[in-house]
Structure formats: C-alpha cells, structure tokens
Amino acid sequence: MTSRKNTNSVPGQPTKVAVLGGTGLIGTRIVAALSAAGHDASALSRSTGVDLFTGRGLADALTDVEVVVDATQAPVPDDSAAEFFRATVGNLHTAAQQAGVRHLVLLSIVGVDRAPDLGYYRAKTLQEQLFASGPIPYSIVRATQFFEYLDEIISWTSDADTVRLPATELQPIAAAEAARFVAEVAAGRPLQGTVEVVGPEIAGLDELGRTILTARGDRRAVVTDPTAGPFALAPRTALTAAAPAYTAPTRYRDWLAGDTSVAHGR
C-alpha cells in the first residue's frame with residue numbers, strides 16, 4: 001500500500017480486537033489482516049450470537065476487548081438506515097464503555113458528506129457524527145467502493161440487452177487492501193478524526209461497466225445515462241478522494257485478471 005507510515009501505531013503490542021460485522025465480505029478480511037499482524041481478532045455478528053441493533057450478546061462479547069472495529073452495514077439502503085445507526089452506535093458506546101474498550105474504529109464510505117441526495121449516505125454521515133460524539137476515543141476510516149461490489153452495482157440498472165450507467169467517478173479498491181489499512185488503524189492510537197483509503201485509479205462508473213463486461217465476455221452495450229441508478233444522484237467527483245488519502249496499489253484491471261470468477265465465466 002503506497003502511503004506514509006502510520007505514526008499512530010503501537011509496535012510490538014498484540015491487541016485483542018473485536019470486529020462487528022466480522023463475518024461479511026470486508027469484516028472477514030479485517031479479521032484476517034489483524035490475525036496476520038499478530039493480534040487476537042474475533043468476528044462478531046448475528047451468526048455468532050451478537051446483535052448490535054438490539055444489543056444482544058454484545059456486553060459478553062466485549063469482555064477484555066481493547067479495540068472494536070464496526071464494519072456493520074444497515075439492512076436497508078436508504079434514509080431509514082438512520083434508525084439502525086442510532087441504535088447500533090448507542091449500544092456500542094454503552095457496552096464498550098462498560099467493558100473498558102480504549103479505541104473504536106468505524107468503517108465508513110468516501111463521499112458520505114458530499115452526496116446529500118443519497119439517503120444511505122446521509123444515514124452514514126449521521127453514524128459518523130454519533131460515533132465521534134461518544135465517550136470513547138475513535139478513528140473513522142472512509143473507504144471507496146470495493147472491487148468486489150462493482151458487479152452488483154452495475155446489475156442495478158441492467159437488463160438482458162443493455163447496461164445503463166452514469167459517468168459518476170469512482171476510485172475503487174480491493175477489499176483486502178482496505179481491510180489491511182483498517183487493521184493498521186485499529187492497532188494504532190485513536191486518530192480522533194477521519195482518514196481515507198482509496199484505489200489507485202479514478203474512472204467513471206460507465207467506463208468501469210465496460211471494463212467488467214469485456215472481462216466477463218458479456219456482449220451487452222453499456223449506455224451512459226446520467227439518470228441511471230443511485231450513484232447518478234451523487235455529484236460527479238463526490239465519491240473519490242477529497243483530500244490526501246492512503247492509496248492502495250492494485251488496479252482494477254489487474255484485480256480482474258486474477259479474479260477466478262472471470263476465469264470461470266461467472
């Protein structure tokens with residue numbers, strides 16, 4: 001990862017870390033990155049008996065935990081996610097304070113504060129504000145869209161013949177590289193602020209769609225449509241790095257070339 005060294009790190013000190021949402025796509029990779037760095041990392045989710053929304057199982061799961069990473073996602077994609085985040089952040093602050101957790105890390109999204117017409121992004125902005133206003137030292141890591149999600153994103157506005165996509169710019173990143181950065185932040189001292197991690201290249205979503213379809217051997221046409229899908233509601237450059245960011249090295253084309261789903265014609 002091409003970035004300056006994390007000066008907040010505490011070298012040589014294994015840490016007990018709990019990852020909420022730790023069984024999902026990004027959560028599993030954060031757990032793996034923490035474990036590879038020598039930390040005692042555990043995955044917490046409803047499947048492991050912890051429900052952050054209701055608080056069930058949370059207090060017991062945080063016993064002796066020093067750091068918590070919140071990589072959960074709301075189950076709804078719009079403004080109603082705000083209710084979920086109000087509950088989850090409140091439950092996390094209460095349980096973490098009682099357990100003596102010293103550092104909370106939130107995984108968020110680049111551009112949440114610059115795309116006000118996206119309901120989920122408004123809810124994520126609220127989540128960040130609630131996270132930062134709590135009693136426990138914190139760090140917020142904003143990541144750009146993951147390579148692994150791009151197929152799903154283009155499917156939202158696709159039919160049998162055509163894929164319609166806006167030219168909204170993305171700066172996507174491999175989930176594993178984002179996870180390694182989150183793990184570095186989690187193992188360091190609280191930032192009391194926000195940092196961004198991004199991929200190395202910026203491309204319009206329509207351009208990315210053409211790249212994906214070519215790699216998949218999909219002959220459908222990609223039509224640039226400024227009204228297609230939720231990302232059409234974002235200002236063109238809102239979802240790319242707004243300030244100096246930590247930049248991961250892997251380009252999307254190179255990631256696609258090594259993606260086994262391409263080789264097997266998913």
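The values are calculated or read from the model by the stated rules, or taken from the named source; none is laboratory data. These numbers were taken from a predicted model, which means no experiment stands behind them. Every residue, glycine as well, gets a Cβ built from its backbone with ideal geometry; the counts of neighbours run over all protein chains shown.
Structural remarks
- Of everything listed in (1) surrounded by fewer than 18 Cβ atoms within 10 Å (Cβ to Cβ); (2) in a loop (DSSP other than H, G, I, E, B); (3) β-branched (Val, Ile, Thr), the single unmet condition for residue 223 is (2).
- Every condition in (1) aromatic (Phe, Trp, Tyr); (2) surrounded by fewer than 19 Cβ atoms within 10 Å (Cβ to Cβ); (3) outside any loop (DSSP other than H, G, I, E, B) is met by residue 53 except one, and the failing one is (3).
- Taking residues in region 205-230 that are touching a residue at least 40 places away in the same chain (Cβ under 8 Å), and partners anywhere that are assigned to a loop (DSSP other than H, G, I, E, B) and of a type in the set (Val, Ile, Thr), the pairs with Cβ atoms closer than 6 Å and at least 6 places apart or on different chains are 205/168; 228/157; 229/157.
- Residue within region 121-139 that is farther than 25 Å from residue 251 by Cβ, among the basic types (Lys, Arg) and surrounded by 20 or more Cβ atoms within 10 Å (Cβ to Cβ) present: yes
- Selection status of residue 63, modelled with pLDDT of 95 or more, of a type outside the set (A, V, I, L, M, F, W, C), over 25 Å from residue 112 (Cβ atoms) and not in a strand (DSSP E or B): yes
- Residues that are more than 29 Å from residue 76 (Cβ to Cβ) and modelled with pLDDT of 95 or more within region 225-247 comprise 246, 247, listed in sequence order.
- The residues in region 125-140 that are under 15 Å from residue 74 (Cβ atoms) and in contact with a Lys or Arg (Cβ under 9 Å, 6 or more places away or on another chain) can be counted, and the count is 4.
- Residues satisfying the stated conditions in region 19-77, i.e. β-branched (Val, Ile, Thr) and within 23 Å of residue 147 (Cβ to Cβ): 19, 23, 26, 28, 30, 31, 69, 72
- Cβ-Cβ contacts under 6 Å between residues 6 or more apart (or on different chains), taken from a first residue in region 86-99 that is without any contact (Cβ under 8 Å) to a residue 24 or more places away in the chain to a second residue that is surrounded by 18 or more Cβ atoms within 10 Å (Cβ to Cβ), are absent.
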